[in-house]
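J.: What follows is a structure written as structure tokens; I'll ask about it next.
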Amino acid sequence: MQALKKGHILISSDVEAECEKLVEELKPFRSVVFFEENFKIEHAKAVVAEAYISESQTKYIILGAFEFTSVAQNSLLKLLEEPPTNIEFIIISPTKSNLLATVRSRLPILKVDTHHQNTMIDLNFSHIDYAEVFRFLKEHSRIKKSKAKELVEAMYHRAVVVDKLILSEAQLENFDKAYRLIDLNSRPQSVLAMLIMSFVKER
């Protein structure tokens, strides 16, 4: 098997099995696996240390976890954007909503389980107006926390994949902030309003 040209993100419900499968598929190239239930800052530090061990040929660093803390992800952003020579990263998560938008913007998502289909939304972020904003917020005025996360994920997918927009740093930060606010039990409608209005302002 030839070395893959770029690191990427895999979305899989069976994270551990996916890690084991990748190690076999990537041979004869070396793979180093960091598999955790919850990927924390101490695990990120171990990844950084491993990444800076010089290699004469491609080495794959596989990060697999059911949850990733925001602190750990933020500490890896620079490394993911500018990896050392011959180092490629593969991140495996059961859902995209575990990963910050800033992480997802640095690595392409190459595989999605069939049962992780995106919630479809009919907003067009490249031509959005206030009437659409009010309609959308009214439609989702009583949305639950779990569904709100799915909707935020769907909004990101719609903007980047469907509408093919290049998000500004502020918009990427808003998506990261949205996940955190929902986890902190902020009112979902207010979080959705924050996200949508950033597209109205950036037009």
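Bear in mind these aren't lab numbers, they're just calculated from the coordinates by the rules spelled out. This is a predicted model, so every value here is computed, not measured. So basically every Cβ, Gly included, is an ideal-geometry build from the backbone, and we count neighbours across all protein chains shown.
J.: Filter the stretch 44-69 down to residues that are surrounded by 15 or more Cβ atoms within 10 Å (Cβ to Cβ) and of a type in the set (G, A, S), then give me how many there are.
T.: Here the count works out to 4.
J.: Pairs needed: first member in the stretch 118-144, in a loop (DSSP other than H, G, I, E, B); second member anywhere, surrounded by fewer than 14 Cβ atoms within 10 Å (Cβ to Cβ); C-beta distance under 7 Å; at least 6 residues apart or different chains.
T.: I128/V200
J.: For residues in the stretch 171-193 being among the hydrophobic types (A, V, I, L, M, F, W, C) and in contact with a Leu (Cβ under 8 Å, 6 or more places away or on another chain), which is surrounded by the fewest Cβ atoms within 10 Å (Cβ to Cβ)?
T.: Here the answer is A193.
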